[in-house]
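Beneath this line is the structure, given in structure tokens, with notes to follow.
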Amino acid sequence: MALTSRSFIRATVIGVASFIAFGIARPAWAQDDLPPKTTIMGGYTYLIDRSWDAKLPYGLVAALAQRLNETGSVVFEVNGQRGKWNKTRFNIDRWSFLGGFKLQSTGGGEALMPFIQVMAGLSRQAGDVGIQNGLLLQAGGGIDLRFKERFALRAFGDYRFLREAGEHWN
């Protein structure tokens, strides 16, 4: 079953609404245990670039989030990936500059804090294959496993919709 743009947007809206409905209500004793006001994240990314039908295995991501209330945050993310086009020597570089909104359950004082986020921004393809700019919509989610007061381990996945040179890929 293929996921179309319309069904993807519908699923995202339903997911965000469900998260708001179930993620905001918390007992009073858990409201003191909020995540930090500002968070910084860095890590590794792996991207399957459907515009080139190529895998870009070398990637880094950095994100900055500013919490607005108990569950909502504004997020800014920069990521870059690199890989070879098929089995040639041509490099593909893909950069993304995104901003958006994140909803995160604080877990009621627990170490597991699930989140979902929706971001939009610009994509830039570069490297030996040429330069191309595009618009990007990215939705995803994951979980933070807090193991110290100021540190957590994050596992996440994202789904991208890219519009570039009059065509689109997801």
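The values are calculated or read from the model by the stated rules, or taken from the named source; none is laboratory data. Remember, predicted model here, so these are calculated numbers, not experimental data. Keep in mind that these areas ignore ligands, DNA and RNA; they rest on the heavy atoms of the full protein, side chains included. Shrake-Rupley method; radii C 1.70, N 1.55, O 1.52, S 1.80 Å.
Brief remarks follow.
- Annotation: lysines with alpha-carbon distance below 21 angstrom to K102 (same-chain offsets under eight excluded): K37.
- G127 long-range amide H proximity, modeled H, under 5 Å: D93
- Accessible surface, per residue, of segment 122-170 when the full set of protein chains is kept, probe 1.4 Å, Å²: 63
- Relative contact order of segment 99-170, taken over Cα pairs closer than 8 Å and 6 or more residues apart, is 25 percent.
- Between A54 and D49, the built amide H atoms are under 5 Å apart, and every one of these is 5 or more places off in sequence or on another chain.
- The lysines within cross-link reach of K87, meaning a Cα-to-Cα straight distance under 27 Å and a gap of 8 or more places when in the same chain, are K55.
- Database remark: amide H of F90 closer than 5 angstrom to the amide H of W85 (H placed geometrically; neighbours at sequence offset of 5 or more, or on other chains; Pro and chain starts carry no H).
- Per-selection metrics, segment 38-170 (Cα): Rg and Dmax in Å: 16.0, 51
- With all protein chains in place and a 1.4 Å probe, the accessible surface of segment 47-170 carries 61 percent carbon and sulfur.
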